[in-house]
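The values are calculated or read from the model by the stated rules, or taken from the named source; none is laboratory data. Everything quoted here is computed from the prediction, not taken from an experiment. Cβ placement follows ideal geometry from the backbone for every residue including glycine, while neighbour counts extend to all protein chains displayed. Just so you know, the surface numbers come from the protein's heavy atoms only, side chains and all, with ligands and any DNA or RNA stripped out. Shrake-Rupley method; radii C 1.70, N 1.55, O 1.52, S 1.80 Å.
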Amino acid sequence: MRKLPGGRYDVVVVGGGVIGCAVAYFVARRGLKVLLVERAGLGSGASGANPGFLVLSYRESPLALQMAREVLMRLPELERELDIGLQAERTGGLIPVKNTAEEQAVAAVIDQAQRWGLSSARMVTSREAVELEPRLDPGSIVAAGYCADEGRINPFRLVYGLACGCQRLGATLWTHAPVRRFHLGTGPLRRVEAVETEDGRIAEAGVVVVAAGAWTRELVRMAGLELAICYERGEAMVTERTGPLVRGIITDGEFFVGYRDNRNLMRTGACLTQTSSGNVVVAQATTEVDGYDIRNTYQGLREVAAKAARYFPALAPLQVIRCWAAVTPYTPDGQPALGFLRDVPNLLVAASFHSAVGLAPAVGQVVSDLIVDGRANVDLTPWSPERLWREGGWSGGGGC
Amino acid sequence: MFGLVREIICRCEEITREEIEEAIASGAVTVDEVKRVTRAGMGFCQGRTCWRLIASLIANRTGKPVGEVLPPRPRSPVRPLRVEEMARGALGDGVR
């Protein structure tokens, strides 16, 4: 087997998605020598397969909400720093509900967001909803959740902006370089001393960050640890370009009812937005998967198409030009994993974020603080990977 | 005058050779990477026309044989399909 020295880095980031690129960028900005290792191309996993929602109203914790708000506030500054148009827009976000059960569930989510300080989140009547989204069929809904501060961003631009930005700051990028193994130190505390890629390059590392989305569990396993992380697949499609049809980001109220109470069922709902190019992205059908399965299903796409066209009848005659799927990780409590691992003290995990594009810059900032200063300015205890340690693994479902 | 003509590679998204070469220079070595950076191949024909041109531009720049440049990942639908066609039979309405 070929072995090549790959250099010595303060930080090796594994994963060229939006979280990994943000971590690489913010760590490089603190003056550290960074290597970013990506198995395929930048943003080739879930970071390049999501509709770029900048979500606030249904964040899963006060911490996630706080970080998402910080990201929105600082996006103009980041855009200047990265010198790239991120196509970020404050469009407002709507959660249409079709019946009383959905209305109660979404009202509870909106109420919680308000208690967490998001005063712009509220319930609106179907009439107000149609003023906000003129092409929405008022007959298809009974009410909606709404937050004017939400919006969207071009996820590709964010990934490439951060990747190019960290290179300008001196970081090194290896793409098409899957990790083959970690070189572990001996002794009671096993450090990851080096990262070896499939092509035989070996990078010595001070700190290793695993920000690898759908590959996180397997990478952490290379360090001898088992985390309770499972995977699910989300399917989506995009239409041809068209005139103004959807103003903001739409999340189906259906997703808030009976969430994950039956893990073997596919869950479908209409989540959509119109990109700055005029294409309408329509998601999503979610299914639990064992491995990296990014096949599309006829059943899932069919239901998503039907549900989207019920809300927005003007979608019906549009041509769907592309379908895709992505795999994302999830944890038993639905919270992300962010922090160092006690038994492998120089290994940090940053994965399993919901709507990660809207959190990534804040995650990058926090991780760079953890690495450089040894502490962050927020309490990360609820996200500690320690809570996910499982002897013998975890097969998903249950408490999610 | 002819010097000002932009050489379009992806007609659907009107992406020029210059933009594609810039993406390749910035590190894109597969057709899908060029697509994510430039939008070439994201339009109505989904790269059916331009992906071979893009592959050959990558081959020229990287010195790889064109056959070794990773082609785009094939995605459904094979031809564009209306949302209403896709939805047919779902939710108990229409013909199954």
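Could you please give the count of residues in the stretch A:193-204 that are more than 14 Å from chain B (Cβ to nearest Cβ) and part of a loop (DSSP other than H, G, I, E, B)?
Just the residues of the stretch A:193-204 that are more than 14 Å from chain B (Cβ to nearest Cβ), to begin with: A:193-198, A:200-204.
Still in the running and part of a loop (DSSP other than H, G, I, E, B): A:198, A:200.
The number of residues fulfilling the criteria is 2.
For the stretch A:146-171, give me each residue that is farther than 30 Å from residue B:24 by Cβ and in contact with a Leu (Cβ under 7 Å, 6 or more places away or on another chain). Steps first, please.
First pass over the stretch A:146-171, keeping only residues farther than 30 Å from residue B:24 by Cβ: A:146-151.
Passing the criteria: A:146, A:147, A:149, A:150, A:151.
Among the residues of the stretch A:125-176, which ones are β-branched (Val, Ile, Thr) and within 23 Å of residue A:72 (Cα to Cα)? Steps first, please.
Of all residues in the stretch A:125-176, those β-branched (Val, Ile, Thr) come to A:125, A:130, A:141-142, A:153, A:159, A:172, A:175.
Hits for the stretch A:125-176 are A:153, A:159.
Without any contact (Cβ under 8 Å) to a residue 12 or more places away in the chain and part of a loop (DSSP other than H, G, I, E, B): which single residue out of A:258, A:243 fits that description?
On the way: A:243 fails: without any contact (Cβ under 8 Å) to a residue 12 or more places away in the chain.
Going through A:258, A:243 in turn, just one is without any contact (Cβ under 8 Å) to a residue 12 or more places away in the chain and part of a loop (DSSP other than H, G, I, E, B): A:258.
Might you check whether a residue that is among the small types (Gly, Ala, Ser) and within 14 Å of chain B (Cβ to nearest Cβ) occurs anywhere in the stretch A:205-225? Can you show your working first?
Applying the first criterion (among the small types (Gly, Ala, Ser)) to the stretch A:205-225 yields A:205-206, A:211-214, A:223-224.
Right, trim to within 14 Å of chain B (Cβ to nearest Cβ) and you get none.
No.
Could you list, in sequence order, all residues of the stretch A:56-69 that are buried (at least 22 other Cβ atoms within 10 Å of the Cβ) and either within 13 Å of chain B (Cβ to nearest Cβ) or part of a loop (DSSP other than H, G, I, E, B) (or both)?
Listed by number, the residues that qualify are A:56, A:57, A:58, A:59.
Quick one: which helices (runs of 4 or more DSSP H) sit completely within chain B and have at least 2 residues that are touching a residue at least 24 places away in the same chain (Cβ under 8 Å)?
On the way: elements: B:17-25, B:31-38, B:51-62, B:83-87.
So the answer is B:17-25, B:31-38, B:51-62.
Report, by residue number, each residue of the stretch A:12-50 that is assigned to a loop (DSSP other than H, G, I, E, B) and more than 14 Å from every other protein chain (Cβ to nearest Cβ). I'd like the intermediate steps shown before the answer.
Looking only at the stretch A:12-50, we keep the residues that are assigned to a loop (DSSP other than H, G, I, E, B), and these are A:15-17, A:30-33, A:38-45, A:49-50.
Scanning the stretch A:12-50 gives A:15, A:30, A:31, A:32, A:33.
In the stretch B:7-38, how many residues are under 19 Å from residue B:62 (Cα atoms), of a type in the set (Asp, Glu) and open to solvent by less than 50 Å² (accessible area, probe 1.4 Å)?
Residues that pass the stated criteria total 2.
Tell me yes or no: at least one residue of the stretch A:266-273 is more than 13 Å from every other protein chain (Cβ to nearest Cβ) and of a type in the set (Ser, Thr, Tyr). Show your work before the answer.
Restricting attention to the stretch A:266-273, the residues satisfying the condition of being more than 13 Å from every other protein chain (Cβ to nearest Cβ) are A:267, A:271, A:273.
Narrowing further to those that are of a type in the set (Ser, Thr, Tyr): A:273.
The answer is yes, given that some residue of the stretch A:266-273 is more than 13 Å from every other protein chain (Cβ to nearest Cβ) and of a type in the set (Ser, Thr, Tyr).
With the requirement that a residue be touching a residue at least 60 places away in the same chain (Cβ under 8 Å), charged (D, E, K, R) and surrounded by fewer than 18 Cβ atoms within 10 Å (Cβ to Cβ), what does the stretch A:196-239 give you?
Across the stretch A:196-239, the qualifying residues are A:199, A:204, A:226.
Does residue A:326 satisfy being at the interface with chain B (Cβ under 7 Å from one of its Cβ atoms), small (Gly, Ala, Ser) and closer than 26 Å to residue A:241 by Cα?
Numbers: at the interface with chain B (Cβ under 7 Å from one of its Cβ atoms): no; small (Gly, Ala, Ser): yes; closer than 26 Å to residue A:241 by Cα: yes.
Taking the combined requirement at face value, the residue does not satisfy it.
I want to confirm something. Restricting to the stretch B:51-79 and keeping residues that are modelled with pLDDT of 95 or more and in contact with a strand residue (DSSP E or B) (Cβ under 8 Å, 6 or more places away or on another chain), which single residue is most open to solvent (accessible area, probe 1.4 Å)?
Selected residue: B:53.
Quick grid of which residues meet (1) aliphatic (A, V, I, L, M); (2) open to solvent by less than 40 Å² (accessible area, probe 1.4 Å); (3) under 29 Å from residue B:39 (Cα atoms):
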{"position": "A:71", "(1), (2), (3)": "yes, yes, yes"}
{"position": "A:85", "(1), (2), (3)": "no, yes, yes"}
{"position": "A:88", "(1), (2), (3)": "yes, no, yes"}
{"position": "A:92", "(1), (2), (3)": "no, yes, yes"}
{"position": "A:115", "(1), (2), (3)": "no, no, no"}
{"position": "A:125", "(1), (2), (3)": "no, no, no"}
{"position": "A:131", "(1), (2), (3)": "no, no, no"}
{"position": "A:160", "(1), (2), (3)": "no, yes, yes"}
{"position": "A:169", "(1), (2), (3)": "yes, no, yes"}
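Kindly establish whether residue A:362 is surrounded by 20 or more Cβ atoms within 10 Å (Cβ to Cβ), assigned to a strand (DSSP E or B) and either free of Cβ contacts under 8 Å to residues at least 12 places away in the same chain or more than 14 Å from every other protein chain (Cβ to nearest Cβ) (or both). Steps first, please.
Details: surrounded by 20 or more Cβ atoms within 10 Å (Cβ to Cβ): yes; assigned to a strand (DSSP E or B): no; either free of Cβ contacts under 8 Å to residues at least 12 places away in the same chain or more than 14 Å from every other protein chain (Cβ to nearest Cβ) (or both): yes.
No, not satisfied.
Can you spot a residue in the stretch B:54-72 that is within 11 Å of another protein chain (Cβ to nearest Cβ) and under 23 Å from residue A:43 (Cβ atoms)? Even if it seems obvious, please write down each step before you answer.
Pass one, the stretch B:54-72, residues within 11 Å of another protein chain (Cβ to nearest Cβ): B:70, B:72.
Adding the requirement that they be under 23 Å from residue A:43 (Cβ atoms) leaves B:70, B:72.
Yes, because at least one residue in the stretch B:54-72 is within 11 Å of another protein chain (Cβ to nearest Cβ) and under 23 Å from residue A:43 (Cβ atoms).
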